[in-house]
1. Filter the range 43-66 down to the residues that are more than 21 Å from residue 198 (Cβ to Cβ) and either part of a helix (DSSP H, G or I) or touching a strand residue (DSSP E or B) at 6+ places or on another chain (Cβ under 7 Å) (or both) and list them by number.
2. Identify, from the list 91, 85, 29, 61, the residue that is of a type in the set (Val, Ile, Thr), at pLDDT below 95 and either farther than 19 Å from residue 162 by Cβ or in contact with a Gly (Cβ under 9 Å, 6 or more places away or on another chain) (or both).
3. Cβ-Cβ under 6 Å, sequence separation 6+ or interchain: first residue in the range 187-201 and at pLDDT 95 or above, partner of a type in the set (Phe, Trp, Tyr). Which pairs?
4. Could you tell me which of the residues 169, 158 is polar (S, T, N, Q), modelled with pLDDT of 95 or more and open to solvent by 10 Å² or more (accessible area, probe 1.4 Å)?
5. Could you list, in sequence order, the residues of the range 231-252 that are surrounded by fewer than 22 Cβ atoms within 10 Å (Cβ to Cβ) and part of a loop (DSSP other than H, G, I, E, B)?
6. I'm trying to understand the selection: among the residues of the range 154-176, which are part of a loop (DSSP other than H, G, I, E, B) and not hydrophobic (A, V, I, L, M, F, W, C)?
7. So which residues in the range 104-133 are open to solvent by 50 Å² or more (accessible area, probe 1.4 Å), over 15 Å from residue 197 (Cα atoms) and outside any strand (DSSP E or B)?
8. Can you confirm whether the range 109-117 contains a residue that is under 18 Å from residue 233 (Cβ atoms), among the aromatic types (Phe, Trp, Tyr) and modelled with pLDDT of 95 or more?
Amino acid sequence: MVDMGLPRRTTGLVLAAFLLCGLVTAPATAATAFKVLQLNLCNSGVAGCYQGGLAVGEAVTMIQRRVPDVVSVNEVCLSDLPRLTAAVGATAEYRFAFARRKSTDSNIECTDGRGAYGSGIIVKEGIRTSGNGTYTAQDSGNEVRAWACALSDVRGFTACTTHLSTTGTTALAQCRELVPATVLSYDPTGSATTRHVVVGDLNLKYSPGSATNAQNCVPSGWFRKGDGDVQHVIARTLTFVSTQVYAMSRTDHPAFVVNYTF
């Protein structure tokens with residue numbers, strides 16, 4: 001007589017396995033890494049920290065090693081941006097913030113015919129729309145401080161760069177002018193879930209109790225990460241992972257990296 005127990009037992013195990021599989025939930029889509037790099041290259045040719053343009057080559061190497069999704073670069077010439085953008089990637093694009101000279105109402109120029117002076121925002125996945133402008137609040141100096149913002153082409157996040165006044169109260173007023181109203185104006189969806197990063201040399205430090213504390217620029221629902229000095233990233237709807245600070249020998253500011261998940 002054929003023993004029918006084994007087939008029945010095997011069938012039961014297969015059925016149990018089948019039922020168990022029905023209880024397993026498919027894993028959620030994994031979060032993707034999102035990296036922001038902040039640089040100040042002191043490349044106008046006027047300041048004492050200028051080193052003959054060598055900071056641009058050092059920045060290219062830093063970009064290639066860190067592989068950022070967004071790069072903010074302050075104190076550069078417009079002619080530096082194509083080289084820096086190419087280092088970010090083949091699809092990368094930039095927008096420039098033109099610093100202005102108050103006395104002549106014209107762009108500030110770098111030395112040796114290297115073009116306009118200011119800051120750039122570079123987005124690895126390309127730019128759908130962008131804009132730039134200057135602040136209503138300005139200090140008594142001759143430089144009119146500026147900003148530039150871009151809406152990314154693929155994932156639809158916004159990224160802005162700026163280099164604020166060296167007068168603390170003016171810098172804070174400029175920062176509050178940029179964040180959140182100007183930044184949010186580049187999000188066509190108006191969604192509370194859109195990712196935003198504001199990156200730059202804010203000339204403000206994290207100093208609890210101070211009237212010019214960098215944290216005083218951070219709106220509700222946003223958060224800030226800094227390099228321990230004046231460079232910061234203010235973000236919304238991203239998950240913070242870590243920061244790194246890397247020494248730079250051809251400029252007076254370190255490279256500052258903030259890692260998030262998107």
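The values are calculated or read from the model by the stated rules, or taken from the named source; none is laboratory data. Here the structure is a predicted model, which is why all the values come from computation and not from measurement. Here the Cβ positions follow ideal geometry from the backbone for every residue, glycine too, while neighbour counts run over all protein chains shown. With ligands, DNA and RNA removed, areas are computed over all heavy atoms of the protein, side chains included. Shrake-Rupley method; radii C 1.70, N 1.55, O 1.52, S 1.80 Å.
1. 43, 44, 54, 55, 56, 57, 58, 60, 61, 64, 65
2. 29
3. Pairs found: 195/157.
4. Working: 158 fails: open to solvent by 10 Å² or more (accessible area, probe 1.4 Å).
After ruling out the rest, the residue left standing is 169.
5. 237, 238, 247, 248, 249, 250, 252
6. Residues satisfying the conditions are 155, 156, 165, 166, 167.
7. 104, 105, 112, 113
8. No, there is no match, as no residue in the range 109-117 is under 18 Å from residue 233 (Cβ atoms), among the aromatic types (Phe, Trp, Tyr) and modelled with pLDDT of 95 or more.
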